[in-house]
Amino acid sequence: TFSFGLAVAVLAVCAYAYIKRALSKSPPGPVGVPGFGLLPLVMWRTANDKRYRLFLLMQEIQKKFGDLASFRLGTQEFILVSGYPALREMFVTHADKFNGRSNTNFHRFLFKEAGIVGSEGALWQEHRRFALRVLKDFGFGRNASEEHIQDEAGQVVNFLRSKEGQLVDPRDFISKAVANVVTRFIFSNFSSYEDPEFNEFLGKLGSLTNQNLVGLITAFYRFMPVETALALSPANKKQFDAITWVEDLSKRKVEEIRSKYNVDDEPSNYTGRRPGNIHDFQLVKTIWELYIAGVDTSSNTLGWSLIYAALNPELQDRCHAEIMAKIGKRQASLKDKKELHYCQAFLDECQRISTLAPMSVDHRAIEDTEFSGYNISSDAMIFVNLYGLHHDERYFPNPDKFDPDRFLTPEGQYKASEYLNPFGIGKRSCLGEVLARMEVFLFFVTFMQHFRFEADSWTAEQREQILLGTEGVVHATIEHRLKVANREN
Ligand code: HEM
């Protein structure tokens, strides 16, 4: 009798969940377990399938339920938006309605309603505009950036020359070079690659962006106090400790710069310039956001490009040959871009196939609203399915094949695709896109000019795991080693 009663109770709860969903006018999607949604499925698959990634599950949901779908993780509702027309309609045509960021306890604790990445409305607009204006004044995305990147690329070349024939983990040298480019704008100085504090700092940044999403239970149970979540989830605890560490370091650096700052001097970095209404916490917050958003992203994009180069030696040789034919051994500059068609196509293909931010950064409807005949609740987190877009047969035939030629005309000229959007879509897209594009191009061309990267020692299993990468807001590369061969020899 007990088992019968239990079965009836389970059926009744499931029927309730189905009926509730049917009446809610939410977009279609898998129902999941009441109170847990798809969380048990995701946890089970994470534990049992080494090839499982959340962004692959999102592709499955898109295939089954279409370009506008919904599901729950815990009690949190998610909207999954896929396909170019729906993405444009939501984030370009109706941008003002869908440019919010999540409002869960977890997000409030993480972003503290300051900074750029997690803020909304007037605060977001003011700080985004201010950051862009000031950074541009210091040459962000302009000539000064080119010089900084060329300098750092030169340092990496010297470092790699000393590693001839050895196996190196590219993550070690790339993230240091990329972090130094950002540091020059924010604090006007840069760190030695050997500095232990600098290395610890980069480790903390990585632990923030590569966090496995399933560990973030606060994001899925909005009623749960953050303190409880911290006690329950080591993953959350690690993340919040890393935030406090990075915040403290930024505070110390700001104070150091302020103590030397003479009001009559023209400020020479982001920290030195701020209008009266930008308080110190806002400044510290924006600084660590620029690091979080600007270091792991560009360095992993470069990391992926070296992996795909090593796995496709003939295509890597084609990049090298093009560089030799067009610019030879002189220092690469941005002006060379228009000549290096194949290199550009190769980099676009790397960005497409790896998709650095598979679900972008989550968005939110500012208020409950209707979209394509469905209700979108302002409490739902919106996943922007960039991974799905970049692996959609409609836009990129045979999407799992690595094929730079898809970005070339039959005459071999580089041709950008409107369907490739690694920096997001619409007004809230990446603030650092111009700088990131400069970095990726100049570092990659310099690396290809001087070295060949080889992955001959990888087993088939290693290769598969390396190509899958991590899961988190940033789709990062996992630990791997490449052999460096000097092209000059
Ligand atoms: C290849 C490198 C990069 C990629 C693929 C990338 C990608 C993205 C994506 C997908 C978003 C979310 C857009 C949205 O919410 O719709 C974003 C936001 C952002 N990115 Fe990047 N990014 C990169 C490099 C950078 C760099 C170098 C910086 C600055 C130094 C930066 C600063 C930001 C900021 C501040 C935001 C938040 C914008 C906002 O909320 O208004 N990013 N980025």
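Please give the peptides 169-178, 193-202, 360-369 ranked by average Cβ packing (other Cβ atoms within 10 Å per residue), highest first, as a rough proxy for protection. Before the final figure, lay out each step's value.
On the way: 169-178: 21.3, 193-202: 14.0, 360-369: 18.2.
Ranked from most to least packed, the peptides come out as 169-178, 360-369, 193-202.
LEU41 to ALA7: FRET efficiency via 1/(1 + (r/R0)^6), r the Cβ-Cβ distance, R0 25 Å, to the nearest 0.05? Could the numbers behind the result be given before it?
Values: r = 21 Å, r/R0 = 0.83.
FRET efficiency, LEU41 to ALA7: 0.75.
Where the centroid of each part is defined by its Cα atoms, how far is segment 218-247 from segment 341-394 in Å?
With segment 218-247 and segment 341-394 each reduced to a Cα centre, they are spaced 26 Å.
Students often check this: by mean Cβ neighbours within 10 Å, which of 332-345, 78-91, 288-301, 28-41 ranks highest, and how do the rest follow?
Values: 332-345: 18.9, 78-91: 21.1, 288-301: 24.6, 28-41: 17.3.
Highest to lowest by the protection proxy: 288-301, 78-91, 332-345, 28-41.
With an 8 Å Cα cut-off and a minimum separation of 6 or more residues, compute the relative contact order for segment 1-141 in percent. Write down the numbers at each step before the final one.
Details: 107 pairs, mean separation 21.5, N = 141.
The normalised contact order for segment 1-141 reaches 15 percent.
Given R₀ = 35 Å, FRET efficiency for GLU488-GLU247 by Cβ-Cβ distance, to 0.05?
Values: r = 44 Å, r/R0 = 1.26.
In this case the efficiency is close to 0.20.
Grab the DSSP H runs of the chain that are 4 residues or longer, score each as -39,500 (n - 2.57), total them, divide by all residues and round the 222 nm result to the nearest 500 deg cm²/dmol.
Numbers: 19 runs with 253 residues, N = 489.
Calculated at 222 nm, the ellipticity per residue is -16500 deg cm²/dmol.
Please compute the modelled spin-label separation between ASN143 and TYR84, points set 7 Å along Cα→Cβ, answer in nm with one decimal.
3.8 nm
To the nearest 20 Debye, how big is the dipole of segment 98-202 about its Cα centre, given +1 on the beta carbon of each Lys and Arg and -1 on that of each Asp and Glu?
Working: 13 positive and 15 negative charges, 106 e Å.
Dipole about the Cα centre, nearest 20: 520 debye.
Using 1/(1 + (r/R0)^6) with R0 = 41 angstrom and r between the beta carbons of ASP405 and VAL226, what's the FRET efficiency to the nearest 0.05? Please report the intermediate quantities before stating the final value.
Numbers: r = 49 Å, r/R0 = 1.20.
Computed FRET efficiency for ASP405 and VAL226: 0.25.
Using packing as a proxy for protection, rank 457-467, 419-429 so that the peptide with the highest average count of other Cβ atoms within 10 Å comes first. Intermediate results must be reported in sequence, preceding the final value.
On the way: 457-467: 12.9, 419-429: 18.8.
Answer by packing, highest mean first, reads 419-429, 457-467.
Please give the contour-minus-distance gain from LYS112 to SER429: 0.36 nm per residue of separation, less the Cα-Cα distance, rounded to one decimal in nm. If you can, show how the numbers build up before the last one.
Working: separation 317, 0.36 × 317 = 114.12 nm, distance 2.10 nm.
Computed gain between LYS112 and SER429 is 112.0 nm.
I'd like the antiparallel share, as a percent to the nearest 5, of DSSP beta bridges with both residues in the chain.
On the way: 20 of 24 bridges.
So the antiparallel bridges in the chain amount to around 85 percent.
Readers should treat all values here as calculations from the given coordinates under stated rules, not as data from a laboratory. From a predicted model like this one, the values you see are computed outputs, not experimental measurements. We place every Cβ from the backbone using ideal geometry, glycine too, and count neighbours over all the protein chains shown.
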